[in-house]
1. Pick out the one residue from SER85, SER81 that is assigned to a helix (DSSP H, G or I), farther than 24 Å from PRO188 by Cβ and either of a type in the set (Gly, Ala, Ser) or at pLDDT below 90 (or both).
2. Does GLU140 qualify as being assigned to a helix (DSSP H, G or I), over 29 Å from THR161 (Cβ atoms) and at pLDDT below 90?
3. Return the only residue of SER183, SER173, SER151 being among the polar types (S, T, N, Q) and over 26 Å from ASP84 (Cβ atoms).
4. Which members of the stretch 153-168 meet the condition of being under 17 Å from PHE95 (Cα atoms) and either over 34 Å from the mean Cα position of the chain (by Cα) or not in a helix (DSSP H, G or I) (or both)?
5. Report, ordered by the first and then the second residue, all pairs with beta carbons closer than 8 Å, sequence separation of six or more or different chains, a first member in the stretch 456-470 that is over 12 Å from LEU436 (Cα atoms) and of a type outside the set (Ser, Thr, Tyr), and a second member that is assigned to a loop (DSSP other than H, G, I, E, B) and at pLDDT 85 or above.
6. Would you confirm, using the coordinates I've provided, whether LEU242 is touching a residue at least 12 places away in the same chain (Cβ under 8 Å), surrounded by 14 or more Cβ atoms within 10 Å (Cβ to Cβ), out of contact with any Leu (no Cβ under 8 Å at 6 or more places or on another chain) and under 23 Å from SER183 (Cα atoms)?
7. Being surrounded by 17 or more Cβ atoms within 10 Å (Cβ to Cβ) and over 30 Å from HIS226 (Cα atoms) is the requirement here; does PHE72 meet it?
8. Quickly run through the stretch 112-130 and pick out the residues that are in a helix (DSSP H, G or I), of a type outside the set (Lys, Arg) and buried (at least 17 other Cβ atoms within 10 Å of the Cβ).
Amino acid sequence: MAAATVVKRRGQQSVLEVIRRVETLHDEACREFSHSPERFQVALEEAISKLDDDTRNAAVTFICRTGNVEQFGMLLDQLESSDDSFREIVAEAVFDLAGRLSQRIRSKDETLLPHLDQSSLNIHRAAMLNELDQRLHRYEALTNPLPLLKSLLILGGPDDTAIRNVFNKRGESCRCAAQKLLSEDSHPALFGLLGDFLTHHAPPVTVMDAIRARNDFEFVLHFLSHLPKKPSGHLALNLAKLTDLAWLQDSMDLLEQLPVSVHDRLVVVINHAPLKEETRLKLKTWIVRHSGAEAREAANDVLKELPAEEASQILYDGLASSDPQVEAWATRRLRAQKLPDTFEELVKRLDRNLDVVRDAARNELFSFDLDYLLQIFGDLSPGQSRQCGQTLLKINPNALAELIGEITHPFRRRRIRAIEAAEALGFVNRILPNLLNALSDPEPSVRCAVVEALVKNPSIEAIEAIRKLTDDENRHVRSSVETVLANLSNVLKSENAGFATQVQTQAVN
C-alpha cells in the first residue's frame with residue numbers, strides 16, 4: 001500500500017527516499033514500482049548524479065531490482081565514470097538487465113520483467129542492442145568493454161546488425177574477445193547464440209571455431225538438447241563442416257555423463273559431422289550398448305557393421321534389459337539380424353505382460369498371419385498345426401474373425417480351405433456356430449468339408465447337426481455323413497468295450 005501511494009504522490013523527495021531504502025524493500029514493493037518506471041526517471045537521475053556513494057549505489061540497485069530497462073542507456077553513460085568501484089557496479093547492472101531481458105525472451109518466463117509485454121520486450125531489446133553497438137564502435141578506447149560485449153552477445157542473434165558488426169566491423173581485438181567469450185563463457189544465451197548461428201547461411205569463422213573448440217559439459221548438453229532430431233537446410237550443411245569437434249575427439253568420459261534424453265541427438269551429430277570412421281563406429285557402438293531405446297533406434301545401422309557375434313550379443317543383452325523400451329528395441333531388430341532363434345524369441349515375447357514388448361513381437365511376426373497359415377497348414381504335422389494356431393492368436397487376436405470371413409467367402413475353394421484350416425489349427429470349437437451354419441452351404445463340397453471337420457472334433461451339438469444331413473439332397477453329402485457316423489459309432493463301441501473290460505478287471509481284482 002505504501003509503495004502504491006509513493007507512485008501516486010507528486011513529490012520527488014518521497015521517491016528519492018524510497019530509492020535510498022532499496023535494500024530494505026520487499027519484492028512485492030519492487031514489483032509494484034516496476035509497473036511505473038517513468039515515475040522514477042527524474043529521481044534516479046538525481047540520485048546517480050549525487051556524489052555520495054551510498055545514494056548512487058542505491059539508484060543502480062533500484063534499477064536492477066525493479067527491472068527498469070528504460071534506464072539502460074543512462075547506466076551505459078555512467079560507465080564513462082572515472083570512479084572504478086562505481087563503474088564496476090554499473091557494469092554488473094548493465095549485464096544483469098541484458099541477461100534478464102534475454103532470458104525472458106528465450107524462455108518466455110513471465111516472472112522475469114513481468115511488467116513488459118512481448119511488444120515492449122522486442123522494442124527494448126532493439127534499443128539496448130543499438131546502445132551497446134554504438135559504444136562498442138570505440139572498443140579499443142573503452143576502459144572495460146567486456147561487460148558491454150558480453151551483454152550484446154547474449155541479447156543478439158545472427159540476424160542482428162549489432163552482432164554482425166562484432167565479427168565484421170569492430171576490429172581484431174573485438175573479434176578475438178568475442179571468440180574467447182563464445183569459446184569459454186558458460187552463459188546459456190551464448191550457447192543459444194552458437195546454436196542459432198548453425199541454422200544460418202555461412203556462420204562467421206569465429207563462431208565455427210568456438211563450436212569446434214568447446215568441450216565443456218554445460219555447452220555440449222545445451223547444444224544437444226536444442227538440436228532437432230532431423231536437421232535440414234543450413235543446419236545440416238553447417239554440421240557437416242564441424243571437423244575436429246573437441247568433445248567427440250576426446251575420451252568417452254564426457255559422453256558417459258550425458259543424460260540418455262540427448263543420446264538420440266548425439267547420433268544426429270555423429271551422422272552429420274565429418275568424423276573419422278573408427279570414431280563414428282566407437283561412438284555408435286557405445287550407444288547401442290548403453291543408451292535408451294530411442295538412441296539405439298537412431299544408431300541401428302551400426303549393427304550391420306559390427307561382427308555378427310558382437311551384434312548378436314548386443315541384442316541378447318537388450319532382450320534381457322529391465323527397460324521394456326530397450327527390450328522392445330531389441331525385439332524389433334531380431335529379424336534384421338537373422339539370429340538363429342529369432343522365431344522362438346519372438347514367440348516367447350508374445351506372452352510378456354508388457355504392451356510395448358508384446359506389440360513389438362507381433363509387428364515382427366507380421367508375415368506369420370492367417371494367409372500364411374492357410375498356405376502351409378497342409379504341410380504341417382497335427383502337433384505343429386495346433387501350435388501354429390495358438391501362436392497366431394497371440395500375434396493377431398482378430399485371426400478368428402478373419403477365418404470366419406473366409407468361411408463365408410464367395411469363392412467355394414476359399415471356403416473349403418478355411419474349413420479345413422479351422423480343423424487343422426484347432427479352431428473348430430472356437431468357431432463352432434459358424435461351422436454349423438456352413439452345413440447349409442449351397443455347395444455340396446463345402447458341406448462335406450464341414451462334416452469332415454466336425455467329426456474330428458465331435459460334440460453332441462456337432463453330431464446332432466451332422467445327423468440332420470442323412471437326408472441331404474446330394475448323394476455325396478449323404479454318403480459322407482453315413483461314413484463318418486459309422487466310423488464314429490465304431491469308435492464309440494470300441495471305447496465302450498474297453499471301458500467294460502476295465503470294469504471287469506477291476507471287479508476281479
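The values are calculated or read from the model by the stated rules, or taken from the named source; none is laboratory data. Note that the structure is predicted; figures quoted are calculated from it, not measured. Cβ atoms come from the backbone with ideal geometry, glycine included; neighbour counts cover every protein chain shown.
1. The conditions single out SER85.
2. no
3. After applying the criteria, what remains is SER183.
4. GLY156, GLY157, ALA162
5. Close Cβ pairs satisfying both conditions: LYS456/VAL428; ASN457/VAL428.
6. yes
7. yes
8. Answer for the stretch 112-130, where residues must be in a helix (DSSP H, G or I), of a type outside the set (Lys, Arg) and buried (at least 17 other Cβ atoms within 10 Å of the Cβ): LEU121, HIS124, MET128, LEU129.
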